[in-house]
Amino acid sequence: MATGEARNKLISGLLVLAAVAVGSFSGAMMGFFGAYQESRSVFCSESLQPFYYIATLSLGFLGLLAGGIYFALRINFDRESSARDRRNKRVEVLIMTLQDVEKYSFQLLLKSYSTSAEHESIACYLQGAFDQISTLLESDTLLSCFDSSDRESVLALISAMDAEFLQSRSIIHQEQVSSVSRSDLADLLRRARGSCISKLA
Amino acid sequence: MEFREQFLQDLESSEWWSDPKKTLVLDFAGVTRLGPSWANEVFAYYTKDNRKPDEILQKIQLKNISPVKLETIQVELKNGYRRGKE
């Protein structure tokens with residue numbers, strides 16, 4: 001992935017250099033051609049010489065301007081593309097974390113663990129995953145593209161599983177905790193995943 | 001629970017809730033992690049008297065809180081309120 005990015009940067013850099021070089025070259029050539037015509041004054045009458053001067057200078061300037069515009073557009077495009085790549089990578093990490101959360105949540109919900117150590121490792125993983133999800137959502141990259149309802153759908157899943165995890169651990173000091181059903185969890189996961197997938201560009 | 005008992009004892013009285021002049025400001029500057037269970041213990045508790053989430057957040061003002069942390073609290077308040085109604 002990094003090699004591809006470096007290659008893209010190299011190609012865009014070369015294209016920019018080429019555009020500037022073409023602009024400069026065309027300017028120089030037009031200037032040279034104008035000077036040549038002036039020295040020879042064979043091809044045109046004296047009355048037309050100022051016109052050729054202006055035309056060649058204008059063409060050279062336009063070449064440079066086109067190179068500059070291309071350069072600015074290219075920089076803007078690269079910046080947007082890199083921001084999109086960064087956002088997509090984070091959303092992909094979020095989706096992958098949600099997939100793992102799904103697996104472990106169902107293990108917790110279906111009590112498909114045999115020892116308390118296994119339960120503890122599932123619980124530890126889920127806690128870590130929830131922290132990671134919260135951190136990702138708080139990052140500047142995702143904060144701007146996830147609106148309040150998108151974030152809420154992910155946070156509702158975390159909230160439900162956190163309560164379930166505490167209940168399964170029997171260390172509930174919470175006031176109002178209800179168990180999550182399998183269909184509730186599936187629905188929460190579907191909503192959370194849907195919110196994330198819609199952000200992939 | 002400890003947090004509530006230590007810092008939010010005034011909120012136990014119904015007078016505090018009925019007095020419009022009384023508000024509480026919680027500053028979250030420097031808070032890096034806010035778990036749903038903590039938000040549930042601290043905030044959803046106050047939905048027990050059928051108080052609406054908005055009403056609670058009007059009386060308890062949250063300063064320097066990130067949108068994600070605020071939404072974590074809002075989700076817990078909504079869940080608490082919904083469960084209270086059931």
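Quick look at the numbers
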item	result
Average other protein chain Cβ within 10 Å of Cβ, residues A:153-159	5
For segment B:2-85: lysine pairs under 15 Å (alpha-carbon distance), excluding those fewer than 8 apart on one chain	7
In Å², nearest 10: area of A:Leu59 left accessible to a 1.4 Å probe	90 Å²
Interface B:A - total buried accessible surface [probe 1.4 Å, Å², rounded to 100]	1800 Å²
Shielding score for A:122-131, defined as the mean number of other chain Cβ atoms within 10 Å	1
Fully extended contour minus Cα-Cα distance, from A:Tyr125 to A:Ser148, at 0.36 nm per residue	5.7 nm
Relative packing of peptides A:91-100, A:125-134, A:70-79 - highest average C-beta neighbours within 10 Å first	A:125-134, A:91-100, A:70-79
Mean-position separation - Cα centroids, segment A:62-129 and segment B:1-49, in angstrom	33 Å
Zero-based 5 Å bins, Cα pair distances in segment B:2-85, whole percents	3, 15, 26, 29, 19, 8, 1
Cβ neighbours within 10 Å from other chains - mean over B:65-71	5
Taking segment B:2-85 and dividing mean pair separation by its residue count, relative contact order in percent (alpha carbons under 8 Å, at least six apart)	39 percent
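The values are calculated or read from the model by the stated rules, or taken from the named source; none is laboratory data. Because the structure is a prediction, the values reported are computed rather than measured. Virtual Cβ from ideal backbone geometry, glycine too; neighbours counted across all protein chains shown. Ligands, DNA and RNA are stripped out before the accessible areas are found, and what is left, the full protein with its side chains, is counted by its heavy atoms. Shrake-Rupley method; radii C 1.70, N 1.55, O 1.52, S 1.80 Å.
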